[in-house]
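Worksheet for the structure shown next.
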Amino acid sequence: MARYLGRRLLQAIPVFFGATLLIYFMVFSLPGDPVLALGGDKGVSDALAAQLRSKYNLDKPFLVQYVLYLKGIFTGNFGVTFSGRPVGELLAHAYPITFKLAIMALVFEGVFGIGAGLLAGLRKGKLFDSTLLVVSLVVIAVPTFVIGFVLQFFVGVKWHLLPVSVGSDVSFRTLLMPAIVLGAVSFAYVLRLTRTSVFENLTADFVRTATAKGLSRPRVVMVHVLRNSLIPVVTFLGSDLGSLMGGAIVTEGIFNISGVGGTLYQAIRQGSAPTIVSFTTILVIVFIAANLIVDLLYAALDPRIRYA
Amino acid sequence: MAVTDLTATSAPRSGAPGVLRRTFRAPRARVGVAVLALVVLAAVLGPVLSRWDPFTSDVTAFGRPPTALHWFGTDSSGRDLYVRTLVGLRTSLAVGLVAGPLSTLIAAVVGAVGGYLGGRVDRVVVWGIDLALVLPSFYLLVLLAPTAGRAGWFAVALAIALLGWMVMARLVRAQARSLRRRDFVTAARFLGVPTGAVLRRHVLPHLASLLVVDATLGVAATVLTEATLGWVGLGLGPPAVSLGTLLAAGSASAVTRPWLFWFPAGLLVVTVLATSLVGDALRDALDPTTGTAGE
């Protein structure tokens, strides 16, 4: 197991460098000159521009900048934005918020998706199942910004059940509606995945054996069917943590949350390279970590998997 | 000749007509195809039926709700929303129809080459897939969008396709790996068929059902992505019209002038839903393991 984990970690290293290099290259080749843009219409004098370029290493070749940047990241120095704020400060502010939001969305989609999927899988072909299936298709087809707008309008504005937006008040209550919106699409996927998986396992040999040896129906369903059905679902949920954190831009926009999405969006609009690169690098690390966790969970859930 | 080769080596259960029959047995699929046909028809013919054009203003009607004259109402500069929505639908469908199949094509080539060739090539392919999978793709899309949006709808489609092929490539690779050891592939190899031809004639046809489903669902996903990009404000640049740009403009006044938001949004949902229904039914019909084929 430890050896397996070690090998996966080693595999993650070239992936990390490749991904960050690619991101760095894309940001680097963005059109527009951030130094000149700072001056707006008035422009920036040549001397000042040169000084800024050397301060932010913009005068060095691409690969040198990349290496310098990585060095900074590993020593905890994420650079400063052009307005002088340390990027580390932005990261420390935005990431906990988005992480909280993503975890809440993950819990929502996991609990409700698995629950509904299990019920549908047990009643495959019945009215309940087909209804859920259509509902899940609709949820997938309706864009997040429409779901968000509708929920915000009715739950927040009309019925006053939950706060309309988050702003500076980041709490369970304010994040509840955004989390549901963020997790909605994945909820539909979890539902469908669980349903298919449960249905397949119902006819598996080990389930027939469990029933034949006299176990009660609830025990067969919960222990034998559900546990085995969860293997693909857990894989999905694990990798979804990264997608949720990396895909919160719309939700954060609707509910005015100053998390990763909002900050990154601003940074991209302003062409603030240090912020873009730092935020996306951390996202890459989150993705890689989530994948590793999935691998470990896989082994815990499926006794057939043994890592040599 | 190529066609008989294809049917002889792949789809052991039946040819294309059987698949279509099985697909259409599901009522969901019939609804999906019918609605999708209507949507496409509306996109092609709809704008012709109206006397307005998408770019000129009706100076007698600024920001009016739907009337007999302007079926979907007008926007704040007096442009007819019905025509704009259907012209926008054309663009969105074009983006979807290019990006969906294109990302499937990338996945098919990358996955099949890696899985079939194995060895060092495969290691590079796996690395590439893993790398692309850990990229925060929507942010990269946001990063690329202003440049692509200025360049036109094709560039937007290209950007979406380039960031969405990885999951499928992983699946194709796994399938190609197991196909490599099958007798008919080994036989072809020993007969001296060049690698490219083996891939084209024996490996990829075997994966055809997987690829068709992925391409169909990819169209739906792309239409959604384009709309989301537009909503974020980073879709196509003016004067281009797509569902995304309309939604971006409409969502600002979704409460005061709801028709500006709900007509494009409704059409978007209907389009995506119909496409997903078709894709779903195709998957059920093509995949023998889902067990619904005979229902």
Item to check | Accessible area buried between chains B and A, both sides summed, probe 1.4 Å, in Å² to nearest 100 | outcome: 3400
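I need the trypsin sites (Lys or Arg not before Pro) found in the range A:165-224, filtered to DSSP loop residues with at most 14 other beta carbons within 10 Å of theirs. Working shown, then result.
On the way: sites: A:R173, A:R192, A:R195, A:R208, A:K213, A:R219; in loops: A:K213.
When the trypsin sites (Lys or Arg not before Pro) of the range A:165-224 are filtered for loop state and at most 14 Cβ neighbours within 10 Å, A:K213 remain.
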Checklist entry - Which lysines does A:K55 reach when only Cα atoms under 25 Å apart count, and residues fewer than 8 places away in its own chain are ignored? => result A:K42, A:K71
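Go through the range A:222-308 and name the trypsin sites (Lys or Arg not before Pro) that are in a DSSP coil and have 11 or fewer other Cβ atoms within 10 Å of their Cβ. If you can, show how the numbers build up before the last one.
On the way: sites: A:R227, A:R269, A:R304, A:R306; in loops: A:R304, A:R306.
Those satisfying the criteria are A:R304, A:R306.
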Checklist entry - If you line up the long axis of helix B:16-25 against the longest principal axis of chain B, both from Cα atoms, how many degrees apart are they, to the nearest 10? => result 50
Checklist entry - Ignoring ligands, DNA and RNA, how do A:E252, A:E89 rank by accessible area with a 1.4 Å probe, largest first? => result A:E89, A:E252
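Within chain A, which complete DSSP H helices have Cα atoms spanning at least 27 Å along the helix axis and a mean Kyte-Doolittle hydropathy of 1.0 or higher? Walk me through the numbers on the way to the answer.
Values: long enough: A:2-28 (38 Å, 1.19); A:87-122 (50 Å, 1.49); A:172-202 (40 Å, 1.04); A:227-246 (29 Å, 0.77); A:273-301 (41 Å, 2.07).
In chain A, the long hydrophobic H runs are A:2-28, A:87-122, A:172-202, A:273-301.
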Checklist entry - Can you give the accessible area of A:D59 in Å² (nearest 10), computed on protein heavy atoms with a 1.4 Å probe? => result 90
Checklist entry - What percentage of the solvent-accessible surface of the protein assembly as shown, computed with a 1.4 Å probe over protein heavy atoms, is contributed by carbon and sulfur atoms? => result 68
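Using helices alone, what [θ] at 222 nm do you get for chain A, with -39,500 (n - 2.57) per DSSP H run of 4 or more residues, divided over all residues and rounded to the nearest 500?
On the way: 13 runs with 219 residues, N = 308.
One gets -24000 deg cm²/dmol as the mean residue ellipticity at 222 nm.
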Next on the checklist: For A:V80, what residues show an amide H to amide H distance below 5 Å, using hydrogens built from the backbone and excluding near sequence neighbours?
Outcome noted: A:V87
Checklist entry - What do you reckon, how do A:W159, B:W127 stack up by accessible area (1.4 Å probe), largest on top? => result A:W159, B:W127
Checklist entry - Taking Cα atoms, how many degrees apart are the long axis of helix B:208-232 and the longest axis of chain B, rounded to 10 and kept between 0 and 90? => result 30
Checklist entry - Could you give the distance between the Cα centres of the range B:200-233 and the range A:73-151, to the whole Å? => result 22
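At a 1.4 Å probe radius, which order do A:V284, B:V98, A:V111 fall into by accessible area, largest first? Walk me through the numbers before you get to the answer.
Values: A:V284 0, B:V98 35, A:V111 90 Å².
Ranked from most to least accessible, the order is A:V111, B:V98, A:V284.
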Next on the checklist: Inside 10 Å of the C-beta atoms of A:130-143, what's the mean count of C-beta atoms belonging to other chains?
Outcome noted: 4
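Shape of chain A from its Cα gyration tensor (a ≥ b ≥ c, root eigenvalues): rounded if a/c is under 1.5, otherwise prolate when a/b > b/c, or oblate? Before the final figure, lay out the partial values.
Values: a/c = 3.23, a/b = 1.70, b/c = 1.90.
It comes out oblate by the Cα gyration axes.
The values are calculated or read from the model by the stated rules, or taken from the named source; none is laboratory data. The structure displayed is predicted, hence computed values, not measured ones. Don't worry about glycine lacking a Cβ; one is built from the backbone with ideal geometry, like all the others, and counts go over all protein chains shown. The protein model used for the area step is the full one, side chains on, heavy atoms only, and it has no ligands, DNA or RNA in it. Shrake-Rupley method; radii C 1.70, N 1.55, O 1.52, S 1.80 Å.
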